[in-house]
Amino acid sequence: MVSASAGGTIAFVLFVAALVSITRDSVLGSIAKVAWAFVAFVLPIVGPILWFVVGKHYPYGVDGGNRAQLRATEEHG
């Protein structure tokens, strides 16, 4: 029977979430994706957090932006 610590489980979940996010990012090139995946793997908890804070491109900004205002601007402008 395999026993996993809570820290190991958190690190694994963060790594998988970061890896999925990295591969789905349409802005990054292949080399950048490989580099970010490497960082996420080598730095188990810090790497994925760095990806979500520094590396990930959010379409409406990190805070989500004002989508209603953005749509109105796009429609009228």
Exercise for review: Scan the stretch 55-67 and give yes if some residue there is over 13 Å from the mean Cα position of the chain (by Cα), part of a helix (DSSP H, G or I), at pLDDT below 80 and not β-branched (V, I, T), otherwise no.
Suggested key: yes
F41: passes all of (1) in contact (Cβ under 8 Å) with a residue 24 or more places away in the chain; (2) open to solvent by less than 90 Å² (accessible area, probe 1.4 Å) but (2)
Selection from the stretch 1-38 of residues open to solvent by 80 Å² or more (accessible area, probe 1.4 Å) and modelled with pLDDT under 90 yields M1, V2, S3, S26, V27
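The values are calculated or read from the model by the stated rules, or taken from the named source; none is laboratory data. As the structure is a computational prediction, the values presented were derived from the model and not from experiment. Heads up, the Cβs are rebuilt from the backbone with ideal geometry, glycines too, and the neighbour counts pull from every protein chain shown. We work out accessible area using only protein heavy atoms, side chains counted, and drop any ligands, DNA or RNA first. Shrake-Rupley method; radii C 1.70, N 1.55, O 1.52, S 1.80 Å.
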